[in-house]
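J.: Here you go, one structure.
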Amino acid sequence: MQDFYHQVGPCGLAIIILGLGAVYMAVRGLVLSALIKKQAPLPHSVLQGIVEQAQATKSEDRALVINALMQHKLKGIYGAMYFLKLCAALGPLLGLLGTVLGMVEVFATIAERSYPEPSLLAGGIWQALITTVMGLSLAIPALLLHYVLLLTLRRIRAALNLQAAGIKQD
């Protein structure tokens, strides 16, 4: 384990921890959105409650009411979505920081020895490259899953707006 930590450094370890959190939040968000979709036609579902409260308000305020109630009632999905967006932003930054730290290690080795062996430089270069790969490997799927959840919430919001306005859906 200590050898692995030496290879990836603190940034690599942070990326792994962030990645585990991203997997948890993605699964949680996708499961919650699937459950919401599955229960949508039921009369006592979360979505039906939102529609009923929105219908009780003035028509010009319905969109605001629906947005506020969605934020409150579907906070698990919103939380997952925002965490995935955070992971998509932090992953490359942590990868870049790992790259810089790895290159600092390489230059420190060069400064210590006038003619360092390539094997002494390889550790820092390895850390620089692997943390970049790890950061991007976290960011790309996290961003994709963020947008999957975002589009799901947009579809739910559009359906709720139509239903609250009394418009039949196809």
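Rule-based calculations on the coordinates, nothing more; no lab input. The structure presented is a predicted model; accordingly, all values stated were derived computationally and were not measured. Positions of Cβ are backbone-derived with ideal geometry, glycine not excepted, and every protein chain shown enters the neighbour counts.
J.: Express the relative contact order of the range 27-170 as a whole percentage, based on alpha carbon pairs under 8 Å and six or more residues apart in sequence. Write out the running numbers ahead of the final one.
T.: Values: 148 pairs, mean separation 45.4, N = 144.
Once normalised by length, the contact order is 32 percent.
J.: I'd like the distance between the alpha-carbon centres of the range 1-71 and the range 126-170, rounded to an integer number of Å.
T.: 10
J.: Moving on to the next point. By per-residue mean of other Cβ atoms within 10 Å, what is the highest-first order of 81-91, 140-150?
T.: Numbers: 81-91: 20.0, 140-150: 17.9.
Result, highest mean Cβ count within 10 Å first: 81-91, 140-150.
J.: Next question, about the same structure. For residue 59 and residue 144, calculate 0.36 nm times their separation in residues minus their Cα-Cα distance, and state this gained length in nm to one decimal.
T.: Values: separation 85, 0.36 × 85 = 30.60 nm, distance 3.46 nm.
Full extension of this stretch gives 27.1 nm more.
J.: Helix-derived [θ] at 222 nm for the chain: sum -39500 (n - 2.57) over DSSP H runs of at least 4, divide by residue count, nearest 500? Intermediate values should be presented prior to the final figure.
T.: Working: 5 runs with 145 residues, N = 170.
One gets -30500 deg cm²/dmol as the mean residue ellipticity at 222 nm.
J.: Output wanted: per-residue J couplings in Hz (rounded whole) for the range 115-127, from phi through Karplus 6.51 cos²θ - 1.76 cosθ + 1.60, θ = phi - 60°, x for Gly and Pro.
T.: With coefficients 6.51, -1.76 and 1.60, one gets 10, x, 6, x, 5, 6, 7, 4, x, x, 5, 4, 4 Hz.
J.: Against the 2.2 N^0.38 Å scaling, with N counting residues, where does the range 1-138 land? I'd like the Cα-based Rg ratio to two decimal places.
T.: Values: Rg = 23.7 Å, N = 138, 2.2 N^0.38 = 14.3 Å.
Ratio of Cα Rg to 2.2 N^0.38 Å: 1.66.
J.: Each residue of the range 148-158 in order: what ³J(HN,Hα) in whole Hz does its phi give by Karplus 6.51 cos²θ - 1.76 cosθ + 1.60, θ = phi - 60°, with x for Gly and Pro?
T.: Going residue by residue, I get 4, 5, 4, 5, 4, 5, 5, 5, 4, 4, 5 Hz, with x marking Gly and Pro.
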